[in-house]
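First the structure, in the form of structure tokens, and then the observations on it.
The values are calculated or read from the model by the stated rules, or taken from the named source; none is laboratory data. Not measured: the values here are computed from a predicted model. Backbone-built Cβ (ideal geometry, glycine too); neighbour counts: all protein chains shown.
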Amino acid sequence: MKHLVIDITAHGFGHIAQTAAVLNALDCTATRLTIRSSAAEQVLRERIRHPFTLIHHQQDAGMLMHDALRVDATASMQWYENFHATYAARKAQAARELEQLQPDLLFANVPYLSLDAAGEASIPAVALCSLNWGDVFHAYCGHLPGAGRIREEILYAYAQATCFLQPTPSMPMHPTLHTQPIAPIAALGIPQQAVLWEKTALPEHTRFVLVALGGLGMDYPLANWPHLPGVVWIFPDVALTQQRADFIPTSVLGLDYVDLLASCDVVITKTGYGTQTEAVVNQVPALCISRPGWPEEPNLPRWHQQQGEVLFSDWRTIQTGAFAQQILALLEMPWEKPLVFPTGASEAAALLERMNE
């Protein structure tokens with residue numbers, strides 16, 4: 001059997017979502033999968049349908065965050081300085097670890113050390129992501145002493161990939177990378193509104209708003225959260241630090257995330273590939289919270305506005321609870337955009353299969 005090693009950064013849920021969609025599109029009858037990631041095993045197995053061996057492994061930190069919206073540039077720079085102080089030794093060790101696995105192909109979203117190690121070990125490699133850490137690092141830390149050398153090492157590592165697949169919409173990337181654009185990658189859910197009404201014992205005219213700002217903790221301003229007649233808010237369980245009749249934890253509903261998203265009337269999210277593309281392909285109107293300085297601004301919000309039904313806000317407005325009118329507008333907003341077909345996963349899978357023959 002062919003052996004495909006997959007490295008997934010744990011910085012945000014979108015990397016798992018993109019990678020899982022590609023893996024699910026693969027014909028794995030003659031391929032065994034080994035996944036290396038520090039992401040939660042439960043999340044990986046919920047998303048990836050093929051059997052795989054999991055190695056708990058962290059190769060990068062992405063960017064260190066204050067919360068789901070704010071990058072900690074100072075802490076990030078310190079992490080990169082420490083990591084790259086011994087980078088040559090790290091790359092040699094990573095190459096040895098990769099060689100021991102004896103892969104026929106490496107697929108990375110989007111740790112750069114393993115791609116560098118693949119180049120060192122002469123193992124074919126493909127990268128996939130709507131961003132890369134070299135350009136993201138540069139956006140936040142490029143002005144700091146020593147950042148230029150670190151960025152050069154990161155970009156050199158990414159350039160070891162035979163190609164860097166960029167699902168639409170992607171941030172602009174450095175020209176030294178072997179980029180190849182593909183269609184959007186997003187999961188299609190099965191709308192199950194009847195399940196929401198049944199699980200909550202609420203009448204069928206109830207509207208559901210999913211609050212989905214990603215896997216990094218946020219201190220939601222629940223005390224200021226608006227009350228809207230006939231509207232229920234679905235939060236991650238850990239976010240519900242106070243109880244209210246119109247607050248529902250996701251665990252009560254028993255649906256996979258994408259099916260839950262497809263079943264809701266509106267989603268509140270932030271600038272980020274996963275939920276924004278899934279909102280578009282599942283035709284769910286969105287309230288999107290901007291992330292000033294994040295390199296996917298303004299590309300991703302612009303694409304969302306062109307392809308889906310979306311309004312934009314900021315975290316200060318959310319904190320004050322002054323977004324009720326936007327939610328009411330989205331609840332009445334007709335979907336007037338054409339269907340977007342997320343064929344990027346099958347495009348990426350076909351390329352992996354060709355390279356893995």
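Numbers for the structure displayed
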item: Contacts under 6 angstrom Cβ, first residue in the stretch 272-296 being buried (at least 24 other Cβ atoms within 10 Å of the Cβ), partner in a loop (DSSP other than H, G, I, E, B) and of a type in the set (F, W, Y), 6 or more apart; result: G274/F13
item: Checklist (1) more than 26 Å from V280 (Cβ to Cβ); (2) at pLDDT 95 or above; (3) not in a helix (DSSP H, G or I) applied to A157, failing item; result: (3)
item: Selection within the stretch 3-58 - surrounded by fewer than 20 Cβ atoms within 10 Å (Cβ to Cβ), in contact with a Leu (Cβ under 8 Å, 6 or more places away or on another chain) and of a type in the set (D, E); result: E41
item: Only one of P103, P111 that is more than 30 Å from V258 (Cα to Cα), surrounded by 14 or more Cβ atoms within 10 Å (Cβ to Cβ) and in contact with a strand residue (DSSP E or B) (Cβ under 7 Å, 6 or more places away or on another chain); result: P103
item: Test: D246 is modelled with pLDDT under 95, under 22 Å from Q319 (Cα atoms) and of a type in the set (D, E); result: no
item: Residue list for the stretch 1-26, filter: assigned to a strand (DSSP E or B) and among the hydrophobic types (A, V, I, L, M, F, W, C); result: L4, V5, I6, I8
item: Odd one out for M173, checked against (1) at pLDDT below 95; (2) in the same structural domain as C288 (by TED's automatic domain parsing); (3) within 20 Å of the chain's Cα centre (by Cα); result: (2)
item: Cross-chain or 6+ apart pairs with Cβ under 8 Å, the stretch 124-152 first and farther than 30 Å from D104 by Cα and free of Cβ contacts under 8 Å to residues at least 12 places away in the same chain, then crowded, with 16+ Cβ neighbours inside 10 Å and charged (D, E, K, R); result: G142/R151
item: Hits in the stretch 268-317 (condition: of a type in the set (F, W, Y), over 15 Å from the mean Cα position of the chain (by Cα) and within 14 Å of L69 (Cβ to Cβ)); result: F312, W315
item: Qualifying residue in the stretch 176-198 (condition: part of a loop (DSSP other than H, G, I, E, B), modelled with pLDDT under 95 and within 21 Å of P111 (Cβ to Cβ)); result: yes
item: Test: residue in the stretch 235-254 that is surrounded by 20 or more Cβ atoms within 10 Å (Cβ to Cβ) and either of a type in the set (K, R) or under 22 Å from M333 (Cβ atoms) (or both); result: no
item: Failed item in (1) over 21 Å from H15 (Cβ atoms); (2) surrounded by fewer than 19 Cβ atoms within 10 Å (Cβ to Cβ); (3) touching a residue at least 60 places away in the same chain (Cβ under 8 Å); (4) hydrophobic (A, V, I, L, M, F, W, C), with C163 passing the rest; result: (1)
item: Among (1) in contact (Cβ under 8 Å) with a residue 60 or more places away in the chain; (2) under 29 Å from L64 (Cβ atoms); (3) β-branched (V, I, T) - the single one T241 does not satisfy; result: (1)
item: Some residue of the stretch 75-93 being in contact with a Phe, Trp or Tyr (Cβ under 7 Å, 6 or more places away or on another chain) and touching a residue at least 24 places away in the same chain (Cβ under 8 Å); result: yes
item: Among (1) farther than 26 Å from R354 by Cβ; (2) out of contact with any Cys (no Cβ under 6 Å at 6 or more places or on another chain); (3) of a type outside the set (G, A, S); (4) not in a loop (DSSP other than H, G, I, E, B), the one test that I35 misses; result: (1)
item: Residues satisfying the stated conditions in the stretch 321-349, i.e. among the hydrophobic types (A, V, I, L, M, F, W, C) and in contact (Cβ under 8 Å) with a residue 60 or more places away in the chain; result: F323, A324, I327, L328, L330, L331, V340, F341, A345, A348, A349
item: Total residues in the stretch 4-34, condition in contact (Cβ under 8 Å) with a residue 12 or more places away in the chain, more than 19 Å from P111 (Cα to Cα) and either assigned by TED's automatic domain parsing to the domain that holds K270 or of a type in the set (S, T, N, Q) (or both); result: 2
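The rows are residues; the columns are (1) more than 24 Å from G272 (Cβ to Cβ); (2) surrounded by 16 or more Cβ atoms within 10 Å (Cβ to Cβ); (3) of a type outside the set (F, W, Y); (4) in the same structural domain as N24 (by TED's automatic domain parsing).
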| residue | (1), (2), (3), (4) |
| --- | --- |
| G134 | no, yes, yes, yes |
| G148 | yes, no, yes, yes |
| T168 | no, yes, yes, yes |
| L213 | no, yes, yes, no |
| Y220 | no, yes, no, no |
